[in-house]
Structures are given as C-alpha cells and as structure tokens.
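Participant: Before anything else, here's the structure in question.
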Amino acid sequence: MFTHAIVRPPSASFAKGLTTAGLGQPDLALALRQHATYCAALENCGLELIRLDPDDAFPDSTFVEDTAIVTASGAILTRPGAPSRAGEAASIASVLPRHFTRIRAIEDPGTVDGGDVCQADDHFIIGISGRTNAEGARQLAGHLREFGFTATSVDIRGVPGILHLKSGLSYLGEGRMVVIDALAGHPALREFETVRIARDGEYAANLLRINDHLIIAAGFPAFNAAMRAHGLPVEALDMSEFRKMDGALTCLSLRFQRIPVSSGDAARRFG
Ligand code: CIR
C-alpha cells in the first residue's frame, strides 16, 4: 500500500542529461506537460505528492527514483553510479528525514541507482549494472535485511539495451513479474509467474503497480490489452520526452507508505 510519492519536474537543463536513446532532443514544455499528467495519475491512484523544486544543477534530477530506496520500514540513500548524478542524493537526503524514522546510506565505493532495485512484496531484486556495482548491491542487501526484507542480485551487464534492471522487468503484484525475454529465465525470477514482453515493445516492461492501479507507457496496445485482462484499471501515459533521456515511468517518482514520525526522532536517527 503506497500513500505518498516524491516527484521533481524536469528543469531547464533537462536536455543536457545523460542519454543513449538516440531519439533526439526532448521538448521541455512537452516534458513538463507529461510530468504534470504523470503526477495527476499518481494522485488518481490515491497518492499524496511531495513536490520538489526543479534543479537546474542536475539535468537528470527529475529521475528521483535513482536517488533512494524507500520502504515502509525505512529509506536508503543511494550513491548514483553516473558521476554527473552523484550530487543528486544530497537534496533527497534533506527530504527523507521528514518521512522516515530509519535512514541508511550507500557508502563509497558502493554505487546504486534506484532504477536497479525492484521490490516484490517483501523481497528485493537488485540489478548489478553499469550504474550499480557489486559493492553497492552488497551494502543495499544488508540494509534491506536489517529492515526485514530479503534480497538477491541479478547481473544485467550482459543484457543489451537496458540501462537499469527495471528497464527490463517490473513487479505486477500477486507473484507476477513482467519481463523482457533476455531476463525471463533468470534463476532469481524462478519464484515468479512471468509475463513476457514482446521484443518490439520492451520499453513497456517498466510499469507502475500502485495500490489497485496499473500505469503503463502509451503506445503498446497489445500489452495494454494484456494488462487490462488482469482486472485492474490501466492508465497509459505518453512518456516520449522522458524516453528520449532513457527515462521511464518508475524513474519519475519515489513511492512509499508513510509511517508518521516526529521530526525530533527523525533528526536523531538520521546519519
Ligand atoms: C540517466 O541516464 O541516469 C537518466 N538519463 C535516466 C535515468 C532513468 N532512471 C531510471 O530508470 N530509474
């Protein structure tokens, strides 16, 4: 059950962010409209939004998911693996104490991008990628175990075309995982019923299950119909401008269940 989400709109420097997509320059005005629609969709799922200001200093800072792992039991600040994004964690660090009693952090030489971390109920799958290294995954798994979760890792460095683990899979809920073919047979997914994504529709592998709603990328009608068959309301959002910057649905928010805390507690426990 999610109650809140942290979001940050793209800033004026958005087009200077990292990308491998080769889909051209993003249109900032359109990206802002798509972000507003995304925020409305989250609210429609019942979430209260914590809206951060755009941050020109970090072109990729709209992709807040990469800066923290947030759970109902506590939060973990990441160390984003791309040097240009390393400074993004500091501003999220100032926000988390208002919402979490337990906060941990990934330390040097570990690196973790939140896009490499997939929660499936009480279990986490951590992708080791070009952004998340083995040491970061080890530290993260330790913090998650302390919070009462289990964790396994999956090395995705040989999987072509995906930046993060969640570029290639998403947890649908009820033991079902949407996966691209290249990840489908992985032993770490043995426990899950897998729903395969068509090769020409791999971008749709990144989706959001929020409470009793599904949010998917627009432009994949067959996948949309397959998701509707699962019986949950499905909303499809145009993500074109974020896709140009290698971003997708999960990247744009940090979703969590807030357990109320006093600010004094949070300040004492932080760090
Ligand atoms: C980056 O390369 O870091 C950004 N341009 C895209 C990050 C996407 N984040 C995500 O999938 N969690």
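Participant: Working only within the range 94-124, note down all residues that are crowded, with 21+ Cβ neighbours inside 10 Å and among the hydroxyl-bearing types (Ser, Thr, Tyr).
Facilitator: If the condition is that a residue be crowded, with 21+ Cβ neighbours inside 10 Å and among the hydroxyl-bearing types (Ser, Thr, Tyr), then THR111 is the only one that fits.
Participant: Let me ask something else. Quick one: which strands (runs of 3 or more DSSP E) sit completely within the range 1-93 and have at least 1 residues that are surrounded by 19 or more Cβ atoms within 10 Å (Cβ to Cβ) and more than 11 Å from the ligand (Cβ to nearest atom)?
Facilitator: Answer list for the range 1-93: 4-7, 68-71, 74-77.
Participant: Does the range 128-148 include one or more residues that are without any contact (Cβ under 8 Å) to a residue 12 or more places away in the chain and among the basic types (Lys, Arg)?
Facilitator: yes
Participant: Give, as residue ranges, the strands (runs of 3 or more DSSP E) completely inside the range 159-200 that count at least 2 residues that are open to solvent by 20 Å² or more (accessible area, probe 1.4 Å). Give the steps one after another, and end with the answer.
Facilitator: Working: elements: 169-173, 176-179, 193-196.
Here the list reads 193-196.
Participant: ALA218: open to solvent by less than 50 Å² (accessible area, probe 1.4 Å), under 26 Å from LEU23 (Cα atoms) and in contact with a Phe, Trp or Tyr (Cβ under 6 Å, 6 or more places away or on another chain), yes or no?
Facilitator: When the stated conditions are applied, ALA218 does not pass them.
Participant: Within 16 Å of the ligand (Cβ to nearest atom) and open to solvent by 50 Å² or more (accessible area, probe 1.4 Å): is that true of GLY148 in this structure?
Facilitator: Here the answer is no, as GLY148 does not meet what is asked.
Participant: If I filter the range 182-194 for residues that are within 16 Å of the ligand (Cβ to nearest atom) and within 16 Å of the chain's Cα centre (by Cα), do I get at least one hit? Spell out the reasoning first.
Facilitator: From the range 182-194, those within 16 Å of the ligand (Cβ to nearest atom) are 183; that's our starting set.
Subset that is within 16 Å of the chain's Cα centre (by Cα): none.
No.
Participant: For the condition more than 16 Å from the ligand (Cβ to nearest atom) and either touching a Gly at 6+ places or on another chain (Cβ under 9 Å) or at pLDDT below 95 (or both), what is the one hit in ASP113, ASP122?
Facilitator: Details: ASP113 fails: more than 16 Å from the ligand (Cβ to nearest atom).
Being more than 16 Å from the ligand (Cβ to nearest atom) and either touching a Gly at 6+ places or on another chain (Cβ under 9 Å) or at pLDDT below 95 (or both) holds for just one of ASP113, ASP122, which is ASP122.
Participant: While we're on this one: With respect to GLN139, is the statement that it is away from the ligand (no atom under 14 Å from the Cβ) and of a type outside the set (Gly, Ala, Ser) true?
Facilitator: yes
Participant: When you scan the range 111-127, do you find a residue that is part of a helix (DSSP H, G or I), small (Gly, Ala, Ser) and within 16 Å of the chain's Cα centre (by Cα), even just one?
Facilitator: Checked the range 111-127: at least one residue is part of a helix (DSSP H, G or I), small (Gly, Ala, Ser) and within 16 Å of the chain's Cα centre (by Cα).
Participant: Looking at ALA229, ALA248, ALA198, which is the one that is more than 25 Å from THR150 (Cβ to Cβ) and at pLDDT 95 or above?
Facilitator: Exactly one residue qualifies, and that residue is ALA248.
The values are calculated or read from the model by the stated rules, or taken from the named source; none is laboratory data. These numbers were taken from a predicted model, which means no experiment stands behind them. Every residue, glycine as well, gets a Cβ built from its backbone with ideal geometry; the counts of neighbours run over all protein chains shown. Accessible surface is based on the protein model in full, side chains and every heavy atom, while ligands, DNA and RNA are left aside. Shrake-Rupley method; radii C 1.70, N 1.55, O 1.52, S 1.80 Å.
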